[in-house]
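Trainee: Got a structure here, written out as C-alpha cells. Questions coming.
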Amino acid sequence: MAECILEMRDIVKEFPGVRVLKNVNFSVEKGSIHALVGENGAGKSTLMNVLGGVYPHGTYTGDIVFDGRVCEFKNIKDSEKTGIAIIHQELALIPYLSIGENLFLGNECAKNNQIDWDLTYDNAKKLMAKVGLKEDPNTLIKDISVGKQQLVEIAKALGKDARLLILDEPTAALTETDSRHLLDLLLELKKNGVTCILISHKLNEITEVSDAITILRDGSTIETMVKGKDEITEDQIIKGMVGREMTEMFPQRDCEIGEVAFEIQNWSADDPLTAGKKLLDNVNMKVHKGEVVGIAGLMGAGRTELALSLFGRLYGNNIHGRILKDGREIDTHTVENAIRNKVAYVTEDRKNAGLILMDDICMNITLSSLQKISKNHVIDMDVESQTAEKYRAKLNIKSHSIHQRVGNLSGGNQQKVVLSKWIMTDPDVLILDEPTRGIDVGAKYEIYTIINQLASEGRCIILISSELPEVLGMSDRVYVMNEGKVVGELSREEAKAETVMQCIMANKSMGA
Amino acid sequence: MANLTEKSKKSSLNIRQYSMLVALVVIMALFQVLTNGILLKPQNVTNLILQNSYVIVLAVGMLLCIVSSGAIDLSVGSVVAFIGALLGVMIVQHGMNVWLAIVIALLVGALIGVWQGFWIAYVRIPAFIVTLAGMMIFRGLTQYVLQGMTLTPFPKEFLAITSGFLPNIGGGELNLTAFLLGAACIVIYILSEIKKLQSKKKRGFSLPSAGAFWGKIVLVAAAIALFTIWLAFYKGIPILLVILLILVVVYSFYTSKTVPGRHLYAMGGNEKAAVLSGINTKKALFYTFVNMGVLAALGGIVFTSRLQAATPTAGQGFEMDAIAACYIGGASAMGGSGTIVGAVIGALVMGVLNNGLSIMGVGSDITQTIKGLVLLAAVIFDVVSKKKAEQA
C-alpha cells in the first residue's frame, strides 16, 4: 500500500440551515491522479474549499492530514505554503500583466522589495518549459488562449512548490486538442511525483487518466474506486453519482395537457466569447399548454444561454431561428417585446439579475407591469399597494409588510417575489431558470406547488435546473441539452437519471 | 396589519429626508441667532432664494443622473458659462429678441445633452470621463466665444427673470399677490390631501387618524402662510421662485409617481435586473443626460441674468455644489435612491451656510471648509444609520 499524501477525515461543513458536507472521508495516494466526481451541488467545491483554506479551520469539523501532519489552515496562504494549490474554474490571472508577472504574483523574485526582472523572466522560462508552454514570458495574459492560461496557472502552482494540485473542471472551457495536451501534462507531472485531484464532469477523461475515483453525493462520499482493483466503467460512475432515492419531494400535478402552444424552431447562435464556436446549434423544442417541460444538462450545456437568447436576445451573436406561439411567429428581439408577447424569464441569478435588493417588495413585484397600474404613465400608488398585497398573500411571501426591502428576505421569499413579478405580467410561457437554487427544502416545495398551479392555468412552463431530481420530478417531458444541442427528448416515463446521463455521454463520446 | 404597513413605509423611506429637514431648520435657527436675526429678515429670505436658484436647478438634473446610474455630470459648470456666453453674443452683441435667445439657449443645452448622453448611454463611455471632457470642452468654447471679454449690459426684460417680482395686484403697502398665491397654494394642498384620503377610503385602506391628518395639514398650511407673508413684507413673490416651484413640483411628480420615473430608480438599483424586467436602460440613461443639458442651460440663463453679464469664468465649481446638494439630501452615490425634495433641501442647507457665514463676516476659506465637513457628516450619518437599521 502506497503512502497517502492527503487524508480528510470526517469532514462536516454547515452553512446556515444546510449541511453541505456530512462526514466526508477522502484519501489520496502520493503520486497519483485522483478524480472527484458528483452532480452539481454534491459538495465537491465545498470540500476543496475546506482543503484550500477558503473556509478556515474552525468553520468545519474533522481533520485534514497532509503528509502525515494534521493541518489547520487559517487561510489560503497557509494551505499554499504547505504545498496545496487549487486551480479554480475561473482563472485567477491578471489579464493586463505578462505571463512572467503573473507567474510570480505574490511570490516575487525580489530583494528588499526590488523586483529582479531578469531573474523573474529567467525563472518564468524554466517554469513554462515544465508545462510545455511555448510563449514569450512578456506576453500579456489577455493575449493568450484559455488553454494556455490554464497552463500558466499550473506553472504558477509549480513555482510555489505545490505537491498537491487540485484542478476544478480544467477542461470545461477547452477545445479537444487543448484538453488532450492538459491531460498529457497531468500524466507527465505524475511521473515527476506531483499528486493531482481532478474534478470533472467528463467521465471519459476521468476513466482514462485517473488512478482512483471518489464519488460524492449529497455531501457524503459514496465510494472510491481504484484502478486495477475495481472495475471502472462510466455506467458505474453515473449510477454512483445519481443513485438517490426519490421521496415525496414533489407535489402531485393532475392537469390536462393541451395542444402545442410554444415552439422554438431551428434556433442557433454563436458564442460571443469564442469566435467560431456555436453557442446554440439548431435547437428545436415544443411546449404544450399546461405542460412542464424540463431542460436537463450539465453546466455549460447552453440551457441558460438558450433562455437568454430568446428572451430579448440578451446573449449570443448572430442569433437566428423562429419562435412560435399558438402557431404564429412572435418577436422577442427586446425584453419589452417578449413581455408583450407574454413570455417571461425568471433568471438563475436572483440577487444580481432578478431583484433590486435596495427596493421594497412592492416595487419589485410591479416593475415589469407598471403600465397595468398606471394611467398616462402616472402610477396609481393605491392600486400598486393593493396588487402587491394580493401577491404577497397568494404566494405566501413571509414579510412584515409589502414595504420591506427584498434584500432582507430569505432566499425562498426572494424567489417568490421574483415569481410574483412575472406572474403579474400574466405570461403564457414562463421560463424558470434554476428556480430553487439556494433555497431550503420547505420553500422548494412551495415553489413547486406554485409551478404546478401555473401549469394548471394552462401556461407553458420551461424548467431549467441543474438538479436532476428536480427536473425529473417536476417535468412532463424532458429535453436533454449538451454543448448547445438538444441531444435527447424523454417522456416522463423514460426520463431517469441514467437515461439523461446516457444522452449526454453518448453525445460527448461522439464529439471526442 | 395594513396600518403597520403605512407606518413602516413612512419610517423606512423618509427618515433621511426628515432628518435633513430637521437639520436645515436647526441650521437656520442657529444662524438666526448668530446673525442677530438678519438671516430670516424678509429681504434676506428673498435673497437666499435668488442666490441659490441655479444650484437648485442644477441639483434637480444632477439628482436624476445620480439616481439612474450613480453617475455625476462634471460639465454643468462649464455648460452654464457656455450658455451665458451664447446669450451674451446673441442678446448683447447682436440685439436678438430675448425670448428667442432663451429658446435657442435651451435647445443648445439639449444638444449638449444629446452629445454627452450618446457617448455615455450607447457607447458606454463612463460618464465621469465624458463629462470631464465636457467640462474642458465647454469651458474652452466659452473663452473662445467671449474672446476673454465680459459682455454686458443685458436688457431689462432679461434681467427681470431673476430680479423681477410678480406684480402687486392691490398696489397697497402689503403685497396682495403674495397673499392670494399663498392662499391658493394652501387650498390646492388641502384639496389634494382630501382627494388622496377619499381614494384610500374607497379602496378600504386603513386611514390616518383625524388628528394626524388635520395636524399635518395645519402644519404645512401654516408653513406656506408664514413663508408667503414673509415674502410679502419685502417685494412679494420673485418670478424666479415661481419657476423653481414649478420645476420642483414637476420633477418630484415625475420621479415619484410616473412609470419612467420608477424606471430610473430601478435601473440605478440594479441595471441587470432592470434590463431583464423589460426596461430600455440605454434610452432612459440617454434622456437623463439630455435633461441634464437642458437644466444646465436653464441654470446658465438664470445665472447670467443674476450676474447681469456673460463672463469667461462664470459657473466654476457649480457642478460640485449640485453634486454635494444631492448627496447631502440623501442620494446614494451608487444610484437607485434619492429624492428631488432631498436635493433641494441639500441645496438650501449649503445656501444657508454660505449666506449665514458671510453675514457673520466669515471668509470663504472657512466657509468652504465648513461646507465640506457638513457634506461628509451628512453622508457618514446616512451610512451609519443604514448599518444600524440593517443590524436591527
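Trainee: Anything in region A:352-369 that is assigned to a helix (DSSP H, G or I), within 9 Å of chain B (Cβ to nearest Cβ) and not polar (S, T, N, Q)? List them, or say none.
Mentor: A:Ala353, A:Gly354, A:Cys362, A:Met363, A:Leu367 - these are the residues of region A:352-369 that are assigned to a helix (DSSP H, G or I), within 9 Å of chain B (Cβ to nearest Cβ) and not polar (S, T, N, Q).
Trainee: Moving on. In the set B:Ser252, B:Ser256, B:Ser206, which member is within 14 Å of chain A (Cβ to nearest Cβ), over 15 Å from B:Thr46 (Cα atoms) and outside any helix (DSSP H, G or I)?
Mentor: Every option except B:Ser206 fails the conditions.
Trainee: So which residues in region A:415-468 are away from chain B (no Cβ under 14 Å), more than 20 Å from A:Ile264 (Cβ to Cβ) and among the charged types (D, E, K, R), if there are any at all?
Mentor: Result: A:Lys416, A:Arg437, A:Asp440, A:Lys444, A:Glu446, A:Glu457, A:Glu467.
Trainee: Hey, another quick one. Of everything in region A:456-500 that's of a type in the set (D, E, K, R) and in contact with a strand residue (DSSP E or B) (Cβ under 7 Å, 6 or more places away or on another chain), which residue is surrounded by the fewest Cβ atoms within 10 Å (Cβ to Cβ)?
Mentor: Out of the qualifying residues, it is A:Arg492.
Trainee: So, one more: Counting residues that are of a type in the set (Gly, Ala, Ser) and buried (at least 18 other Cβ atoms within 10 Å of the Cβ), which helices (runs of 4 or more DSSP H) fully inside region B:90-189 reach at least 1?
Mentor: B:98-117, B:127-146
Trainee: Let me ask something else about it. All but one of (1) farther than 20 Å from A:Trp267 by Cβ; (2) more than 9 Å from chain B (Cβ to nearest Cβ) hold for A:Lys325; which doesn't?
Mentor: Unmet condition: (1).
Trainee: Which ones in region B:340-392 are basic (Lys, Arg) and more than 22 Å from B:Val45 (Cβ to Cβ)?
Mentor: Hits for region B:340-392 are B:Lys386, B:Lys387, B:Lys388.
Trainee: Residues to consider are B:Gly236, B:Gly278, B:Gly330, B:Gly315; find the one that is within 12 Å of chain A (Cβ to nearest Cβ) and not in a helix (DSSP H, G or I).
Mentor: From the options B:Gly236, B:Gly278, B:Gly330, B:Gly315, the qualifying one is B:Gly278.
Trainee: Name the pairs: first residue in region A:25-48 and crowded, with 18+ Cβ neighbours inside 10 Å and modelled with pLDDT of 90 or more, second residue among the hydroxyl-bearing types (Ser, Thr, Tyr) and outside any strand (DSSP E or B), Cβ to Cβ under 6 Å, at least 6 apart or on different chains?
Mentor: Within 6 Å, the pairs are A:Ile33/A:Ser210; A:Ala35/A:Ser210.
Trainee: A further question on this structure: Could you go through region A:87-106 and let me know if any residue there is part of a strand (DSSP E or B), under 30 Å from A:Asp10 (Cα atoms) and out of contact with any His (no Cβ under 7 Å at 6 or more places or on another chain).
Mentor: yes
Trainee: Within the set of pairs 6 or more residues apart or between chains, which connect a residue that is free of Cβ contacts under 8 Å to residues at least 60 places away in the same chain and within 16 Å of A:Ala162 (Cα to Cα) inside region A:79-103 to a residue that is assigned to a loop (DSSP other than H, G, I, E, B) and of a type outside the set (A, V, I, L, M) with Cβ atoms less than 6 Å apart?
Mentor: A:Ser79/A:Gly52; A:Ser79/A:Gly53; A:Ser79/A:Phe73
Trainee: Given the options B:Ile104, B:Ile169, name the one that is without any contact (Cβ under 8 Å) to a residue 24 or more places away in the chain and in contact with a Ser or Thr (Cβ under 7 Å, 6 or more places away or on another chain).
Mentor: The unique qualifying residue is B:Ile169.
Trainee: Out of all the residues in region B:343-363, which are of a type in the set (A, V, I, L, M) and more than 16 Å from the chain's Cα centre (by Cα)?
Mentor: Result: B:Leu353, B:Leu357, B:Ile359, B:Met360, B:Val362.
Trainee: Anything in region A:69-109 that is farther than 30 Å from A:Lys30 by Cβ, more than 29 Å from the chain's Cα centre (by Cα) and hydroxyl-bearing (Ser, Thr, Tyr)? List them, or say none.
Mentor: Within region A:69-109, just A:Ser98 meets the criteria.
Trainee: I'd like to know if region A:51-60 contains one or more residues that are modelled with pLDDT of 90 or more, outside any strand (DSSP E or B) and among the hydrophobic types (A, V, I, L, M, F, W, C).
Mentor: Yes, some residue in region A:51-60 is modelled with pLDDT of 90 or more, outside any strand (DSSP E or B) and among the hydrophobic types (A, V, I, L, M, F, W, C).
Trainee: Which condition does A:Ala344 not pass, out of (1) away from chain B (no Cβ under 14 Å); (2) in a strand (DSSP E or B), if it passes all the others?
Mentor: (1)
Trainee: So A:Asp63 passes all but one of these: (1) assigned to a strand (DSSP E or B); (2) touching a Leu at 6+ places or on another chain (Cβ under 9 Å). Which condition number does it fail?
Mentor: Here A:Asp63 meets the rest and fails (2).
Trainee: Before we move on, is A:Gln404 touching a Phe, Trp or Tyr at 6+ places or on another chain (Cβ under 9 Å) and facing chain B (nearest Cβ under 9 Å)?
Mentor: No, not satisfied.
Trainee: Scan the helices (runs of 4 or more DSSP H) fully inside region A:110-211 and keep the ones with 3 or more residues being surrounded by 14 or more Cβ atoms within 10 Å (Cβ to Cβ), over 31 Å from the mean Cα position of the chain (by Cα) and among the aliphatic types (A, V, I, L, M).
Mentor: Once the helices (runs of 4 or more DSSP H) in region A:110-211 are filtered for at least 3 residues that are surrounded by 14 or more Cβ atoms within 10 Å (Cβ to Cβ), over 31 Å from the mean Cα position of the chain (by Cα) and among the aliphatic types (A, V, I, L, M), what remains is A:117-130.
Trainee: Separate question: Given the conditions (1) away from chain A (no Cβ under 14 Å); (2) without any contact (Cβ under 8 Å) to a residue 12 or more places away in the chain; (3) buried (at least 20 other Cβ atoms within 10 Å of the Cβ); (4) of a type in the set (Ser, Thr, Tyr), which single one is not true for B:Thr369?
Mentor: Only one criterion is unmet by B:Thr369, namely (3).
Trainee: If you don't mind, another one. Starting from region A:235-256, keep only residues that are modelled with pLDDT under 80, then list their pairs with residues that are in a loop (DSSP other than H, G, I, E, B) whose Cβ atoms are within a distance under 7 Å, requiring at least 6 positions of separation or different chains.
Mentor: Close Cβ pairs satisfying both conditions: A:Met241/A:Gly38; A:Met241/A:Glu39; A:Val242/A:Glu39; A:Arg244/A:Asp218; A:Cys255/A:Gly290.
Trainee: Continuing with the same structure: Out of the residues in region B:283-298 that are within 14 Å of chain A (Cβ to nearest Cβ) and closer than 21 Å to B:Leu74 by Cβ, which is surrounded by the fewest Cβ atoms within 10 Å (Cβ to Cβ)?
Mentor: B:Tyr287
Trainee: Another one. Just give me the residues in region A:66-82 being assigned to a loop (DSSP other than H, G, I, E, B) and crowded, with 19+ Cβ neighbours inside 10 Å, in sequence order.
Mentor: A:Phe73
Trainee: Related question: Between A:Asp382, A:Asp349, which is more than 7 Å from chain B (Cβ to nearest Cβ) and modelled with pLDDT under 95?
Mentor: Exactly one of A:Asp382, A:Asp349 is more than 7 Å from chain B (Cβ to nearest Cβ) and modelled with pLDDT under 95, namely A:Asp349.
Results for (1) away from every other protein chain (no Cβ under 14 Å); (2) buried (at least 19 other Cβ atoms within 10 Å of the Cβ); (3) part of a loop (DSSP other than H, G, I, E, B), shown as yes or no for each residue.
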{"residue": "A:Gly300", "(1), (2), (3)": "yes, no, yes"}
{"residue": "A:Leu308", "(1), (2), (3)": "no, yes, no"}
{"residue": "A:Gly312", "(1), (2), (3)": "no, yes, yes"}
{"residue": "A:Gly321", "(1), (2), (3)": "yes, no, no"}
{"residue": "A:Asn337", "(1), (2), (3)": "no, no, no"}
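Trainee: Moving to a separate point now. Taking the condition crowded, with 16+ Cβ neighbours inside 10 Å, polar (S, T, N, Q) and facing chain B (nearest Cβ under 9 Å), does A:Thr387 pass?
Mentor: Spelling it out, it is not the case that A:Thr387 is crowded, with 16+ Cβ neighbours inside 10 Å, polar (S, T, N, Q) and facing chain B (nearest Cβ under 9 Å).
Trainee: Just wondering, is there one or more residues in region A:317-332 that are touching a Gly at 6+ places or on another chain (Cβ under 7 Å), under 30 Å from A:Glu498 (Cα atoms) and assigned by TED's automatic domain parsing to the domain that holds A:Glu470?
Mentor: No, region A:317-332 contains no residue that is touching a Gly at 6+ places or on another chain (Cβ under 7 Å), under 30 Å from A:Glu498 (Cα atoms) and assigned by TED's automatic domain parsing to the domain that holds A:Glu470.
Trainee: Oh, and also: A:Lys372 versus (1) more than 8 Å from chain B (Cβ to nearest Cβ); (2) surrounded by 23 or more Cβ atoms within 10 Å (Cβ to Cβ): which is the lone unmet condition?
Mentor: The failed condition is (2).
Trainee: Looking at B:Thr304, B:Thr367, can you tell me which residue is at negative phi, at pLDDT below 95 and not in a loop (DSSP other than H, G, I, E, B)?
Mentor: Only one candidate passes the filter, namely B:Thr367.
The values are calculated or read from the model by the stated rules, or taken from the named source; none is laboratory data. Worth saying up front: this structure is predicted, and the values here are computed from it rather than measured. Note that we place each Cβ from the backbone using ideal geometry, even for glycine, and neighbour counts take in every protein chain shown.
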